[in-house]
Amino acid sequence: MACGGKSSEGAAGPKPAATTPASTTYWKPDSGERHLRNIRQLTFGGNNAESYFSRDSKQLIFQRQEQVDAGCDQQYLINVDGSNMRRVSNGEGRTTCGFFYDGDKRILYSSTSQHDRACPTPPDKSQGYVWPIGYLEIYTSKLDGSDQRQLTNNGTYNAETTVSHDGKKLIFTSTLHGDIDLYTMNPDGSDVKQITTRIGYDGGAWFSPDGKQIVWRAAYPKTAADTADYEKLLKDHLVRPARTEVWIANADGTNPRQITSLGGANFAPVFTPDGKKIIFSSNYKSPRSGAFDLYLINVDGTGLEAVTTNPEFDSFPMFSYDYKHLVWASNRHGRQPGETDLFIAEWVE
């Protein structure tokens, strides 16, 4: 989610609970979306993405930019029926990558606020499609935004954090040692361990339900020219995510193996609750476009199957812990170009 200009939220602290009603807007699945039933739209307007379930599957945390091209992403909570949306981050800087943990008593997210309370300047578009890998630290707070604590404090990029199902480990992406690698740590920020070392971008990692494996997106340079481009962008705190594939490894980073070779950008991979498959987003059918769909694939890389078929952007999927629902972000049914909203559907096996 891009941010531009000064945050429209200011720095007034978390908003009180909103009075948004439960969502009653349903959409029929598109042709071929056989796994989805009773699709319900949860947000309406702005940019809304990276929505993830609480452990009891009753709430979602997500990042929201209230206008498509204005302000910076902040963290919000919403009930799974679309009611009671409220901001829980303090409105400073840019935030990303929220998640529930500590038995749903706390949340965590990354923020640029320690480096700069203003909204960061967007990347220079003359370098093509790039993501900023700026200065972010990981924070945790109670569900109402109070009792904020800082988990990292190293002046680098620390983001893309998720939590193991048992709540005992966090996995995140960091430039702590120069490259963009995966790290694990305890919920209190202690025992930080680097678990990937190959040059290139490693990001968006998730643990398997049993905690024995991880899945993530990776982009490794293949030529000297690729490496030079990657390192030049990294010095400018940027990464080019146009060619990423899905990888799996043991939870400590050993035995890494690539499970997609589709081309294009393959990202946002998450295990299904039974641990047998991965759901992820890809534009491999049209690699230079924003036409992303969701796909399922077995953990051994076989059995690729489309989940969404809408011509608009579909990404950032997550299953509820009871395997009954899927939530994701989509541009479908947007009221203006670029609008991204949250959708939830009953999952049909």
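Residues with beta-carbon under 13 Å from that of ASP188, excluding ASP188: net charge, scoring Lys, Arg +1 and Asp, Glu -1?
After counting each charged neighbour, the total is +2.
Size of the dipole of the range 42-299 about the Cα centre, Lys and Arg at +1 and Asp and Glu at -1 on the beta carbon, nothing else charged, in debye to 20?
400 debye
Just to be sure I follow the rule: in the range 153-295, considering lysines 8 or more places apart or on different chains, how many pairs have Cα atoms under 25 Å apart?
For the range 153-295, the number of qualifying lysine pairs is 17.
Take the chain, connect every pair of alpha-carbon atoms lying under 10 Å apart with a spring to form a Gaussian network, then pick out the residue of ILE278, ILE39, ILE180 with the largest mean-square fluctuation.
Answer for the Gaussian network model of the chain: ILE39.
Could you list which residues have their amide H under 5 Å from that of ARG106, counting only those 5 or more apart in sequence or on another chain, with H placed in the peptide plane?
Close amide H contacts, sequence-distant or interchain: TYR101.
Out of THR24, SER282, GLY204, whose Cα points farthest toward the positive end of the dipole of the chain (charges: +1 Lys, Arg; -1 Asp, Glu; placed on Cβ)?
Comparing the listed Cα positions along the dipole, THR24 ranks first.
Quick one: which residues, 5+ away or cross-chain, put their amide H under 5 Å from the amide H of ILE133? H built at 1.01 Å from N.
Result for ILE133 returns LEU238, VAL239.
Please list 3J(HN,Hα) in residue order for the range 32-48, calculated via the Karplus relation 6.51 cos²θ - 1.76 cosθ + 1.60 where θ = phi - 60°; whole Hz, with x for glycine and proline.
Along the range 32-48, the couplings run x, 8, 6, 7, 10, 9, 6, 6, 10, 8, 9, 10, 9, x, x, 10, 10 Hz.
Just so you know, all these numbers are worked out from the coordinates, no wet-lab data involved. These numbers come from a predicted model, not from an experiment. Please note: Cβ atoms are built from the backbone with ideal geometry, for glycine as well, and neighbour counts cover all protein chains shown.
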